[in-house]
1. How many residues, within region 30-40, are assigned to a helix (DSSP H, G or I) and either at pLDDT below 95 or surrounded by 11 or more Cβ atoms within 10 Å (Cβ to Cβ) (or both)?
2. Restricting to region 41-73, what's the tally of residues that are surrounded by 11 or more Cβ atoms within 10 Å (Cβ to Cβ) and not in a helix (DSSP H, G or I)?
3. For region 1-29, how many residues meet the condition of being at pLDDT 85 or above and loosely packed, with under 10 Cβ neighbours inside 10 Å?
């Protein structure tokens with residue numbers, strides 16, 4: 001059992017977010033700090049982005065197969081965890 005928390009590697013990426021969502025997020029962050037808590041907005045973004053990317057990668061592979069391009073080069077290969085499920 002480890003003593004120290006190990007954060008997975010991350011990279012800062014900036015997205016454009018609708019103004020109303022950004023304002024609500026800032027308000028929620030302030031509210032949570034006021035009661036001594038912290039929101040895990042990063043975790044929520046990771047989950048949503050992972051879901052989006054799976055759909056996007058699947059659609060891109062389908063389109064590439066229809067066009068007959070890119071598949072041979074492996075540009076749209078399944079992520080490692082899905083390769084085992086697919087084969």
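1. So in region 30-40, the residues assigned to a helix (DSSP H, G or I) come out as 30-34.
Add one more test, that the residue is either at pLDDT below 95 or surrounded by 11 or more Cβ atoms within 10 Å (Cβ to Cβ) (or both), and what stays is 31-33.
Residues flagged as assigned to a helix (DSSP H, G or I) and either at pLDDT below 95 or surrounded by 11 or more Cβ atoms within 10 Å (Cβ to Cβ) (or both) within region 30-40 amount to 3.
2. Of the residues in region 41-73, 3 are surrounded by 11 or more Cβ atoms within 10 Å (Cβ to Cβ) and not in a helix (DSSP H, G or I).
3. Step one: of region 1-29, the residues at pLDDT 85 or above are 9-29.
Remaining after also requiring loosely packed, with under 10 Cβ neighbours inside 10 Å: 9-16, 18-21.
Number of matching residues: 12.
The values are calculated or read from the model by the stated rules, or taken from the named source; none is laboratory data. Since this is a predicted model, take the numbers as computed values, not measurements. When we count neighbours, we look across all protein chains shown, and the Cβ atoms used for this are built from the backbone with ideal geometry, even at glycine.
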